[in-house]
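Just below is one structure, and these are the notes that go with it.
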Amino acid sequence: MSVPDWFVFRGTGEPHDGIDRLPPPPPWRDFDGGPAVPGVPRLGSESGRRLGTSTGGTPGGTWRTEELELINAALYLRRPLLVTGDPGSGKSTLAHALAHELGLGRVLRWPIVSRATLREGLYAYDAIARLQDAQLARQQASSAEGGGEGGIGRYLRLGPMGTALLPYERPRVLLVDELDKSDIDLPNDLLNVLEEGEFTLPELERIADREPRTDVLTDDGTRVAVEGGRVRCRAFPVVVMTSNGERDFPPPLLRRCLHLDLPSPGNDQAGADRLAALVHAHFGQEGARPDGGPDGSADGDLAREELIRSFLTSSPGSLRAADQLLNAVYLTQQVATPALDRERLAQLLMRPLDSGERGPR
């Protein structure tokens, strides 16, 4: 597939500087936070685990044209992507692919659970630790031991979303993982932050007249200065929100997002190509063992191509995840058992997720 000139994210897995050629945002998505925070942490090891170590990303030609169009539209418009699909369809991996190819550093991941709140994603304030330190400081002062509690910034830490909204010169990648696991309020609570690109820390606002600039800890483990108790982005982050489709979202949230639906692995030729590319990215273009199977016998090897073909063709219409195929490829290349036993093992690992079958006996 030839890549249109306007694509910033090409889906090739090859890092490039295309993000620097992104045109200015539309006026209603132009933010002016500051002072600018230079640089970002390097891509984390979690991205390598997601993308594979062989190519560093998904090889070109495995993304559908309409998928790339929606992804790039979100980059141009500075809008979040709401990515839906079955488990194992590559929703979370997209955030790591964007960070890797566009050179945007470590992915900021906010895993959503039923008790998650907006404040947890923005920042945390450890008031109890501050109180304990204040009490200790008074005790030390009364015994002439010196010491002190320190500034309030010691007790504040920005969460993944709060860190993503810092005024970085280049956008950060924020993964809001499994938003459909949240309670009913969180999607609505996100509306203002996603629209305005800013939030406040009341603990710092109250003391802004005497402490206008406070250093706080970020989700990356570094310290940055927050002025006036307000955080406002400069380059709106690349936000990827994933959902397994377990609930519907309110229209105001959908209005602020671009919706990308990823089909299950192997539902069509493009999906099959992406699945094969994922296997090759993790295991290389050649077999992990050049002699064939783990017992050194070529005819004892259950080839990866056979496993991929079996994954794609058996139990059509059933729900299965790409992780199951990766597990089967790895284990059948490592265990020293006869070919028939390895085939049974592969079938056990690739059983449909939505069926009660007990697997081969």
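Taken together, the values in this text are just the output of simple stated rules run on the coordinates, not laboratory data. All figures in this text were calculated on a predicted structure; none of them were measured in a lab. For neighbour counting, all protein chains shown are included, and Cβ atoms are generated from backbone atoms with ideal geometry for every residue, glycine included.
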Q | Loop-located trypsin sites (Lys or Arg not before Pro) in the stretch 192-267 whose Cβ has at most 10 other Cβ within 10 Å (DSSP) | A | R210
**Q.** Nearest-0.05 FRET efficiency for Q269 and D215, computed from C-beta distance (R0 51 Å)
**A.** 0.45
Q) Can you give me the relative contact order of the stretch 1-128 as a percent, contacts being Cα pairs under 8 Å and 6 or more apart? A) 39
**Q.** Phi-based couplings in Hz for the stretch 243-248 (Karplus 6.51, -1.76, 1.60; Gly and Pro marked x)
**A.** 8, 8, x, 7, 7, 8
(Q) Output wanted: per-residue J couplings in Hz (rounded whole) for the stretch 10-25, from phi through Karplus 6.51 cos²θ - 1.76 cosθ + 1.60, θ = phi - 60°, x for Gly and Pro. (A) 9, x, 8, x, 9, x, 7, 9, x, 5, 6, 9, 5, x, x, x
Q. What list of ³J(HN,Hα) couplings, whole Hz, do you get for the stretch 63-75 from phi and the Karplus terms 6.51, -1.76, 1.60, once you set θ to phi - 60° and write x for glycine and proline?
A. 9, 5, 4, 5, 5, 4, 5, 5, 4, 6, 4, 5, 5
Q) Once amide H atoms are placed 1.01 Å from N in the peptide plane, what residues at a sequence separation of 5 or more from V226, or on another chain, have their amide H within under 5 Å of its amide H? A) T214, D215, V216
Q: Tell me which residues come under 5 Å, amide H to amide H, from Y123 once H is placed; ignore anything under 5 positions away on its chain.
A: G159
Q.
If I stretch the segment between R49 and D323 completely, what's the gain in nm (0.36 nm per residue apart, minus their alpha carbon distance), one decimal?
A. 97.5 nm
Q) Could you give the length gained on full extension between Q135 and L353, defined as 0.36 nm per residue of separation minus the Cα-Cα distance, in nm? A) 73.1 nm
Q | Long-range HN-HN contacts of R109 with modeled amide H, under 5 Å | A | L175
Q: Please give the net charge around G221, taking every other residue with its beta carbon less than 12 angstrom from that of G221, where Lys and Arg add +1 and Asp and Glu add -1.
A: +1
Q) Label-point separation (nm) for S114 and D185, each offset 7 Å from Cα along Cα-to-Cβ? A) 1.6
